[in-house]
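Before any comments, here is the structure.
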Amino acid sequence: MTANSLTIRDNRNGKEVELPIIDGTMGPGVVDITNFYKEFGLFTLDPGFRSTASCNSKITFIDGDKGILLYRGYPIDQLAEQSSHLEVCYLLLNGELPNKKQFEEFSHTVTHHTMLHEQMAFLFRGYRRDAHPMAIMVGVVGALSAFYHDSLDLRNPRHREVSAFRLIAKMPTIAAFSYKYSVGQPFVYPCNRLGYSENLLHMLFSVPCDNYVVSPVLAKALDQVLILHADHEQNASTSTVRLAGSSQANPFAAASAGIGALWGPAHGGANEAVLKMLHEIGDEDHIGDYIKRAKDPHDPFRLMGFGHRVYKNYDPRARILRKAAYEVLGELGRGDDPLFRVALKLEKIALEDDYFVSKKLYPNVDFYSGLILSAMGIPTNMFTVIFSVARTVGWITQWKEMISEEGQAISRPRQLYTGEVHRDYVPIYQRK
Ligand code: CMC
């Protein structure tokens with residue numbers, strides 16, 4: 001028996017098998033169960049992946065108990081304070097921070113891929129004006145594969161790189177177009193002299209008849225929002241991208257699948273749900289009723305923006321955005337915003353309440369991101385779209401890591417079958 005192993009005994013027949021334990025560089029190790037079925041004739045069951053690692057990865061590390069988040073080893077607070085989203089994109093994709101020349105080349109490449117094929121504008125016009133922008137995103141991002149099929153040879157590293165550039169560069173344009181379409185304004189084309197987040201604000205808020213000047217404070221805050229959402233290891237949407245991509249589907253199709261998974265209120269849709277909830281609460285005096293509802297096991301209501309599958313401590317991203325919210329609201333002269341006041345009071349009450357304390361339910365990133373985006377003038381139904389712009393680099397980096405792995409195979413989970421056993425077909429005229 002070796003020290004780094006786990007012995008499993010099958011009580012049906014006394015068979016004992018040693019399973020290797022593999023340690024990573026940080027965090028819990030894993031028990032390698034690749035041969036579990038071969039040894040025992042059993043599958044393992046872990047719905048919701050509460051104890052199951054689905055891959056090896058060198059990209060992002062989370063210690064949920066300590067509230068630590070690292071991209072390629074760098075703490076999220078250092079990146080949010082000192083870096084830019086584009087530099088973080090380079091770091092995630094390449095594993096190292098760029099030198100000056102590398103960063104200039106990377107920025108130039110991303111900036112010069114921001115335009116969409118002009119034919120794509122017609123795709124937007126096929127949607128109803130009141131379509132949810134996430135519905136448009138799912139369709140238009142998937143449709144990129146119809147326009148950029150010259151770089152879809154997955155075995156070719158250069159093709160994979162070009163697809164990554166295209167996705168990172170074009171997502172803000174698609175996001176802004178879906179917003180402009182929903183409000184009936186003309187599409188605003190990307191502007192190469194602006195930075196990544198400035199350009200996104202420009203495409204969202206410029207109109208041909210006026211001169212829109214991007215506020216540096218708002219651009220910095222949006223950049224922070226993007227950095228904080230850029231990757232989060234094997235979350236639902238990233239796992240979806242990996243799973244879709246494991247069948248050799250092209251990266252645009254895989255990203256579109258990721259957008260679908262992100263949309264749900266338990267994942268990226270929570271930022272939209274937080275703002276709806278804050279509006280519904282409306283006044284500090286009503287907070288008690290909502291706390292009571294959240295604690296009632298018979299009421300499906302949950303305090304949106306609270307709790308996380310991995311963080312059992314204050315989400316480090318929420319801490320940074322809490323500060324950013326103060327700055328943005330201050331810049332806009334809305335430090336006394338009633339919704340912000342409700343949010344702060346709600347957070348305080350929940351953090352002192354036994355129910356939330358004992359279940360380790362702390363504010364997550366979505367609790368504050370919606371307040372910041374809303375103060376910038378971004379409508380609620382665009383929040384998850386902004387999240388998808390940010391998470392694109394995470395998706396494509398994780399996809400590249402997966403597809404480049406030696407021996408990469410299609411992901412195909414097993415199941416515990418609990419349905420009917422074999423039965424014979426009965427013609428309809430003989431059925432009761
Ligand atoms: N309000 C009230 N109770 C809650 C909440 C909440 N927000 N979150 C979890 N609980 C309770 C839950 O009822 C359960 O109680 P019990 O043990 O008595 O059955 C316990 O805490 C554990 O909850 P869980 O659903 O088993 O935990 P999970 O790890 O499966 O779920 C979660 C994590 C994020 C889906 C959940 O906390 C939640 O629904 N939060 C609200 C939605 C939200 O803010 N989502 C954004 C997540 S962060 C952004 C991202 O990464 O996508």
Across region 47-103, the tally of residues that are at positive phi and small (Gly, Ala, Ser) stands at 4
Of all the residues that make up region 95-132, how many are farther than 28 Å from Asn381 by Cα and charged (D, E, K, R)? 5
Filter region 67-91 down to the residues that are assigned to a strand (DSSP E or B) and surrounded by 19 or more Cβ atoms within 10 Å (Cβ to Cβ) and list them by number. Leu69, Tyr71
Answer yes or no as to whether Pro98 is part of a strand (DSSP E or B), over 18 Å from the mean Cα position of the chain (by Cα) and surrounded by 12 or more Cβ atoms within 10 Å (Cβ to Cβ). no
List pairs: first residue in region 217-246 and free of Cβ contacts under 8 Å to residues at least 60 places away in the same chain and within 16 Å of Glu331 (Cα to Cα), second residue open to solvent by 10 Å² or more (accessible area, probe 1.4 Å) and more than 14 Å from the ligand (Cβ to nearest atom) anywhere in the structure, Cβ distance under 7 angstrom, at least six positions apart or on different chains. Ala219/Gly195; Ala219/Glu198
Check Ser182, Ser178, Ser197 and return the single one that is assigned to a helix (DSSP H, G or I), among the hydroxyl-bearing types (Ser, Thr, Tyr) and surrounded by fewer than 22 Cβ atoms within 10 Å (Cβ to Cβ). Ser182
Counting just the residues of region 258-278 that are within 7 Å of the ligand (Cβ to nearest atom) and in a loop (DSSP other than H, G, I, E, B), which one comes out least open to solvent (accessible area, probe 1.4 Å)? Gly268
Among the residues in region 279-295, are any within 30 Å of Ile396 (Cα to Cα), within 9 Å of the ligand (Cβ to nearest atom) and of a type outside the set (Val, Ile, Thr)? no
Could you pull out the residue among Ala409, Ala318, Ala324 that is under 30 Å from Lys180 (Cα atoms) and more than 16 Å from the chain's Cα centre (by Cα)? Ala324
Residue that is nearest to Pro75 (Cα to Cα) [pool: residues in region 340-371 that are among the acidic types (Asp, Glu) and open to solvent by less than 60 Å² (accessible area, probe 1.4 Å)]: Asp366
Report yes if some residue within region 33-40 is without any contact (Cβ under 8 Å) to a residue 60 or more places away in the chain, farther than 24 Å from Arg412 by Cβ and not in a loop (DSSP other than H, G, I, E, B); otherwise report no. no
Please go through region 376-413 and pick out each residue that is hydrophobic (A, V, I, L, M, F, W, C), open to solvent by 10 Å² or more (accessible area, probe 1.4 Å) and not in a helix (DSSP H, G or I). Met376, Ala409, Ile410
If you go through Asp315, Asp337, the only one that is under 30 Å from Pro216 (Cβ atoms), surrounded by 15 or more Cβ atoms within 10 Å (Cβ to Cβ) and within 9 Å of the ligand (Cβ to nearest atom) is Asp315
Looking at region 54-66, which of its residues are assigned to a loop (DSSP other than H, G, I, E, B) and either under 18 Å from the mean Cα position of the chain (by Cα) or at pLDDT below 95 (or both)? Ser54, Cys55, Ser57, Lys58, Ile59, Gly64, Asp65, Lys66
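The values are calculated or read from the model by the stated rules, or taken from the named source; none is laboratory data. Computed from a predicted structure; not experimentally measured. Positions of Cβ are backbone-derived with ideal geometry, glycine not excepted, and every protein chain shown enters the neighbour counts. Accessible surface areas use protein heavy atoms only, side chains included; no ligands, DNA or RNA. Shrake-Rupley method; radii C 1.70, N 1.55, O 1.52, S 1.80 Å.
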